[in-house]
Structure formats: C-alpha cells, structure tokens
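The structure appears right after this line, and notes come after that.
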Amino acid sequence: MENRRVRTGKHFMMGNVACAEGAVAAGCEFAAGYPITPASEIGHTLAKRLLEVGGYFFQTEDEISAICAGIGASWTGKKVFVPTSGPGISLMLENIGFAVGIETPVVLVNIQRGGPTTGAPSMGLQGDMVQPRRGSHGDYEIIALCPSSPQEMFDHTVRAFNLAERYRAPVFVMADAFIGHMREEVTIPEPDELDLTYRRILEKGTDPSTVKVFLDEEVAPMPIFGMGFKTHVTSSCHDEYGNRNLIDPTALDNFIQRLRNKILKHRDEIVQVECDYDNCELALVAYGAVARCAKEAVRVARSKGLNVGYFRVITAWPFPDREVQDLSHKVKKILVLENNSGQYYPYVKAEAAGRAEVEFLPPQILGQVHGLDYVVQKIEEMLR
Amino acid sequence: MSSVEHPLRKYLRPSVEATTFCPGCGDGTVLTSILQAIDELGMTMDDFVFVSGIGCAAWIISPNFNADVLHTTHGRPIAFATGIKLNLPEKKVMVVSGDGDLTAIGGNHLIHAARRNIEMVVICANNGIYGMTGGQVAPTTPREARTITTPYGSLENTFDISRMVQASGASFVARWTTYQPRQLTKSIKKAIQKKGFAFIEVISQCPVQFGAKTGAGSAVEMLEMYRKSSISVKKAVEMSPQEIEDKIVTGEFIDTAKPELCEEIARLKERIRGEG
Amino acid sequence: MPKVYILREACKGVVDCDICRFVCPKDVLGKSDMLNRKGYFPPEVVDEDACTQCGNCMVYCPDMAIVVEMRKAKKAAR
C-alpha cells in the first residue's frame, strides 16, 4: 500500500514545502498556524497533507493561539507542529517558555524575514538567531537547528520532531526566506529509512503522584491527558510530581536547573556541526543560507592557494561550545559570517577568547547573502 | 463527627486541604456548583480535561480538581483547550477562569472559540476587578467605580460579556450570580451536555478587593445586592434600557443547536478517507 | 431529625465570610467562640430543631465546610 505520509522519491521542491513534508513524514498529526510571509507555504501544504493522513491543520486567530493550541494538542499525545516567521515567534514567546516549563514536545519553524517590526516580509535575514535562546522571560535552554537547503528543510524538520519527542521540549528550525523559498532537488527516503522517535508516555494505570513525571534530567515519561492520570500541569514553579511550589527558593532552583540540565546533559546527542578546518590558518563560521556562500568562498579561496577552512553551525542551540573551542585551538583566525549585524558572533568570540582572533563580516547589504568576491577579498586581507 | 466528609470532597485532590480563596470569595461557590453538576450528571473526573488561565478564578480547578488539569498562561486557556478538544473530541473540555483572563487579555480567543462553535464549557467567574494583583480596574468594572487604578472612578464602559459571547456565535450562554448556585448548577449541567460552545458567566463576589475598593462591602452585603438587583432574562426584555441599567440580568440567554467544529472535522476526514 | 455538621477546619470564619448564616432562613447557626487552626471562628449549630433541611448553608458555603445530612436520601437527579 502506498504510504501517504512519506512521499518517497526525488522532487524539485520549495524549502517550505519540504519542511511541511518533513513534518508529515515525521508523524505530525496536528499543526496550528496563522498566515505569515515568508512561511505561509508550510501551512498551505499542511492544510491538505495532514487531512490526507487523518491529521488536521488548524488556522488560528493569531500566533498566540497557534502555539497554545499546539501545546494543548501535544498534551493529548500528538506530534505537533507550529510553523511561522519572526513576528509570529515574537507573539508566541511567552508560551514557548510555558512549553519549556511544562516539558511539552512541539516543533517550531521560524522562516526568518527582514526585521525589526514588520520590516521586509519577503526578504531573508538571520535576524532572530538569539530570540529562541533568550526571547521568552526567565532562564532556560532551547534546541535550534539551522538548515541550509530545501533538502535540509526536510531532514532537519524530521530531526526536530525526533529531538522534541526525545527531550519533551520545544525545538526550533531556524530557516530564512532564502531557504524557505529556494527550490532544489529534495530526496525523500523510503518510510523504513526514516528513523523516527516517539515520546515516552506514562504507563496506563500509573498514578502520577507516585511517579516523577516532571523535572527528570533523563526525561520523565509524559502523563498525557485523557488516560485517567489526573495530571496536574501548571505554568507555576512545580516539583517532580507537578505540585505547585511558590514559596521555596530551592524549588525554583530545582525547576530551572533540571530543565536546563535535561538539554545540556545530552548536548552531545543534540549538537551537530560540519567541520573542514584541519591545518587551516583561518576558518569561516556560518550557518543557514550564508553557509552556502561560505562554503563556496572557501572553495574559491583554496583554489587561490589560501589556507582557509570551514565550520558550519548546524545546531545553533545549545551552543556548540566544545566544537568552537576545538576550532579555536586549531586555527589562528575565525571569520563569522551572518546575514545580520552580528548576533551569533559574540558567542563565538567569547568561546574562542584567548585562543583565536575572531572577526565578523556582515553582507554588503543586510538582507542579501554575502557576495563571493567580497568574502574572498576579506579572507585574503585576514591572511595577508 | 470528624469522620463526616463533604459529598463533593471525593472530586478534590487528596493533597488539597483547603482552597486558597479569601474568606467569603464567590469562587468557592463556583467550585462547588461545578462539582455538584458533575455529580448530578453521574460523570467522573476522567470524563474531563480542565483548563485554566491566570488569576484567582483559575485556582478553582488548579490544583483542587482531581482530574487532568492544565493551568496555563494569562488569557490563553481557551486556546489551549481548543488544541486539546480538537485532538480528544471524546472528552469534555472545561475552561474555568476569571473576567480579566477571559475577556481582557484573552478576549480574542473567547470570541473565536464561540464563533467556531467548538464543543467546550467555559465558566467565567466575573468579580468585576483584578483581585489577585491588588484590585485594579477590569473591563467588567462598573463605570464610575473606584479601584486602585481608578482612584477617581472608572471612566470606561462595562463589558457585557454574555451578550458579546452570544453575538460571537455560542450555542449556549447563561449568566447567574453566586446568590443563585442551584440555577448555576442546572445551567452547568446543560452546558456540559451541549454539543457546541457553552458559556456561563457567574457574577461572583470579591469582598477583599472589589468590596473594599468600590464600597460594595462584605461578602454578605454583595450577595444581598445580587439578590436585590437580579432580574430574569424574560423580565428584562419587557424593560427599558434605563430600567435595567443597574440590574443584573440573569438566566439563559441562548440554547440552540448548530454545527459543531469537531463533528464537522470528523465528517470531513471521513469523506476524504472515502475518496482516498 | 436533620443533622448539620460544621467541618471546622475547612471553614474561613463567620467574621469575614458568614454566608452560611446569611442564607439560613431559620437562624440555625451562631458564631463559635473557638478558633480553628487557621485562626477563624467557624459557625456552630445553635438551633438544630429549627432546621428545615433546605440545604442552603451547604450549597452556598464556598469552602465545603458544612454538611447537612438529609433524613431521606434525595433522589439523585440524573
């Protein structure tokens, strides 16, 4: 029988469509969203595709409602998807923190556009890179992936679902208008070639007041609704059993640290980078659409005899600290390329401090990807 | 004598010793009215998922009800409840929250849930003020009432929540005061059985903030005021707007049948499966 | 003979609440002179013979602190 979830084969596909197909292939059953450029095609695709597989795309009254409906749906045990762009994420931030706090698997996609404010909706900018990490109030960790191609829009969306389910946490796919609207060849594997993760659910009949269902650094089983668990889930500071505690600072410390450690302790399973800088003097650091330009610039510079390498950030958060440390040990100079005014750059610089010299290069014009000659010229300058 | 237990106690979490409400707060009466309705319908807590927002009334269900309870962020319980109901259509989903939560910060979700006519019970404990944060003016505060943020009296008009929800498309809308707990229980029973969006506004006394700040007085004085100024929907239609200005119109405003969202989605999925 | 039980520890006191005595049509309840553990003065039954089992005190009490035992079990409305 034809598998309606996985459109196995080679396709010439838009990044946003590949993203939606990734979600369906990963087992998404519910998506919620509000129309927004340049992410709308994801919703357009899901509106049809989810119904074909017995799921539902719910168009909400605003993005706040989208993330809330998504979190509610996730507590019924469904795999949930909330695609949007930067302004949508701005509206969702409070409840993204809620998803972190009550340990809810949910995948978010930010097809970043030109900001601040309404900005330039159809132009790509990597302007929201720190937003998932620090946008919601309070102290927390987050997982964010950076696809560089329509193929990776598919692959990273599938992986985002796996990570969300594995760690009972919100996971971001941080693309931009370039990647979202780019059309390239996308290979969708056979269904059995997809390695899919499903969350651990509390065994039916278990009384959650006797089992830790929150704040386990090894990820507690989820006491989803509708199974008679009588779970108490609260946005307030709570203990391992979901009991609210607003008077004890050690309970708050426990609440924050365990949620952070749940991600940080497993950073080796989460963090991915692409490295090609052995014996190089200089390395370019880039992610997303800009990484394509960086890779090409390295190829051109090497053909000119320049000793330059390449470090692509695939997992932006948690920050690839050990990987950047290794890089800074092995190269003398680092050039961070971003299509913004330097958002990820300070993190790289701080991590490499005292070992490598770190510079930042924005594109000539924000909202455009760096010109090839412009980057090669900068490499030549730095190696002079 | 200490062995006597309240018959509704069995619906509360064993760990709950007492509610967190101030003495005389109407939210406790809303709590018992909900449990009484569930008890009289012969349902169990496992038939429900309860959702609340932020504020005193959100604590009616959280942590008290021994059920699946999602205590969410400010203003958003209906949005969360919608996501739950769409994916657990066989369960009853009930939102219990306050007027600030559901009509000020969360007003948009209330309007659109009513418009969609998604099956859900929303109970709004309306105390006319922000109680938990110290007695600030709310959209439901009477005009000219003094609150901590309207020291010279409120300049704004008062929200008629029930009329707004009715206009938005709800299947069932009722309003009662906490002086009418038996009528309230009866309406909650109807709301739970309603295939569609069911909304109940409960005018509920807050002696500590509303009573003290606006001069409405103690819990008992406020209940006496509810007793005196409540008029039925039927009577209200025969009265002029001037005559009902200071009255509380109570009763069931609408009880109708129309297509419900979850059923419509199920039908659509069935159709697509047939075509596929 | 109706029986009215005051669950003293659940009560928040007649000084600030007093709803039970307000809704009782027969003045069955008075004020207890003994504080409960939380520091409230619960009501106490002063005239049980006058009780008509209307159930108002039990229905209105916001704290589930009163139980009126009915002589005949009411038919549960289903």
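The values are calculated or read from the model by the stated rules, or taken from the named source; none is laboratory data. Note that the coordinates shown come from a computational prediction; the quantities given were computed from them, not determined experimentally. Note that we place each Cβ from the backbone using ideal geometry, even for glycine, and neighbour counts take in every protein chain shown. Ligands, DNA and RNA are excluded from the accessible area calculation, which covers all protein heavy atoms including side chains. Shrake-Rupley method; radii C 1.70, N 1.55, O 1.52, S 1.80 Å.
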(request) Mind jotting down the three principal axis lengths of segment B:68-173 based on Cα atoms? Whole angstrom, largest first. (result) 50, 28, 16
(message) Tell me the relative contact order for segment A:245-335 as a rounded percent, counting alpha carbon contacts under 8 Å between residues six or more apart.
(response) 37
(message) Output the 0 to 90 degree angle, nearest 10, between the alpha-carbon long axis of helix A:249-264 and the longest principal axis computed from the alpha carbons of chain A.
(response) 50
(message) Below 8 Å between Cα atoms, with a sequence gap of 6+, how large is the relative contact order for segment A:297-384 in percent?
(response) 31
(message) Could you work out the pair-distance distribution P(r) of chain A from its alpha-carbon pairs, with 10 angstrom bin width and percents rounded to whole numbers?
(response) 5, 24, 31, 24, 12, 3, 0
(request) Quote the total accessible area buried by chains A and B together, excluding ligands, DNA and RNA, probe 1.4 Å, nearest 100 Å². (result) 3100
(request) Only Cα pairs under 8 Å and at least 6 apart count here; give the relative contact order of chain B as a rounded whole percent. (result) 17
(message) Please report the carbon-and-sulfur percent of the accessible area for segment A:153-214; probe 1.4 Å, protein heavy atoms only, DNA, RNA and ligands left out.
(response) 48
(message) Quick check on packing: order A:288-296, C:25-33, A:20-28 by the mean number of other C-beta atoms within 10 Å, highest mean leading.
(response) A:20-28, A:288-296, C:25-33
(request) With a 1.4 Å probe and every protein chain kept in, tell me what percent of the accessible surface of segment C:3-69 is carbon plus sulfur. (result) 48
(request) Could you quote the convex hull projected area for segment A:52-121, Cα atoms only and averaged over all directions, in nm²? (result) 5.2
(message) Springs between alpha-carbon pairs under 10 angstrom, Gaussian network model over chain B: which of B:Thr29, B:Thr185, B:Thr20 fluctuates most?
(response) B:Thr20
(request) Would you mind giving the mean number of other chain beta-carbons within 10 Å of the Cβ of each residue in A:59-66, as a whole number? (result) 5
(request) With a bin width of 5 angstrom, please list the P(r) values of segment B:23-275 as percents of all Cα-Cα pairs, from the 0 bin to the one holding the largest distance. (result) 1, 7, 14, 18, 20, 17, 11, 6, 3, 1, 1, 0, 0, 0
(message) Classify segment A:1-78 from the C-alpha gyration tensor, please: rounded if a/c falls under 1.5, else prolate or oblate depending on whether a/b exceeds b/c.
(response) oblate
(message) Over segment A:274-383, with the other protein chains present, what is the accessible area per residue in square angstrom, probe 1.4 angstrom?
(response) 41
(message) Distance cut-off 22 Å, Cα to Cα: go down the list A:Lys212/B:Lys92; A:Lys78/B:Lys269; B:Lys195/B:Lys228; A:Lys78/A:Lys230; A:Lys48/B:Lys269 and report the pairs above it.
(response) A:Lys212/B:Lys92; B:Lys195/B:Lys228
(request) Identify which of B:Ile254, B:Ile148, B:Ile265 has the largest mean-square fluctuation in a Gaussian network model of chain B, with springs joining Cα atoms closer than 10 Å. (result) B:Ile265
(message) I'd like to check one number: the per residue accessible area of segment C:3-69, probe 1.4 Å, reported in Å² as a whole number.
(response) 46
(request) Mind computing the radius of gyration and Dmax over the alpha-carbon atoms of the protein assembly as shown? Å is fine for both. (result) 29.5, 106
(request) Could you please tell me the mean projected area of the C-alpha convex hull for segment A:271-331, averaged over all directions and given in square nanometres to one decimal? (result) 3.7
(message) Excluding ligands, DNA and RNA, what is the accessible area buried between chains B and C, summed over both sides, using a 1.4 Å probe, to the nearest 100 Å²?
(response) 2300
(request) Would you mind pulling out the separation of the Cα centroids of segment A:88-165 and segment C:27-69, in Å? (result) 56
(message) Which three numbers, in whole Å and largest first, are the semi-axes of the equivalent ellipsoid of segment C:3-69 derived from its Cα gyration tensor as √(5λ)?
(response) 18, 12, 10
(message) Over all directions, the average projected area of the alpha-carbon convex hull for segment B:24-120 comes to how many nm²?
(response) 6.0
(request) Can you pull the one-decimal nm distance between simple spin-label points at B:Ser3 and B:Glu156, each 7 Å off the Cα toward Cβ? (result) 5.5
(message) I'd like the residues of segment C:39-66 whose 1.4 Å-probe accessible area shrinks by no less than 50 Å² going from the isolated chain to the full set of protein chains.
(response) C:Val59, C:Tyr60, C:Pro62, C:Met64
(request) Show that you can apply the helix-only estimate: for the protein assembly as shown, add -39,500 (n - 2.57) for every DSSP H stretch of four or more residues, divide by all residues, and state [θ] at 222 nm to the nearest 500. (result) -10000 deg cm²/dmol
(request) Would you work out which of A:Leu246, A:Leu259, A:Thr234 lies farthest towards the positive end of the dipole of segment A:130-266? Charges go on Cβ: Lys and Arg +1, Asp and Glu -1. (result) A:Leu246
(request) Give the distance, in whole Å, between the Cα centre of segment A:195-238 and the Cα centre of segment B:82-119. (result) 24
(request) Send over the semi-axes of segment A:274-383's equivalent ellipsoid, whole angstrom and largest first, taken as the square roots of 5 times the C-alpha gyration tensor eigenvalues. (result) 19, 17, 12
(message) Give me the percent of accessible area attributable to carbon and sulfur for segment B:180-276, probe 1.4 angstrom.
(response) 51
(message) So with the 1.4 Å probe, I'd like the accessible area per residue for chain B, rounded to whole Å².
(response) 40
(message) I'd like the distance separating the alpha-carbon centroids of segment B:223-240 and segment B:155-195, in whole Å.
(response) 15
(request) Over every pair of different alpha-carbon atoms in segment B:163-276, take the mean of 1/r and invert it; report that Kirkwood radius in Å. (result) 16.4
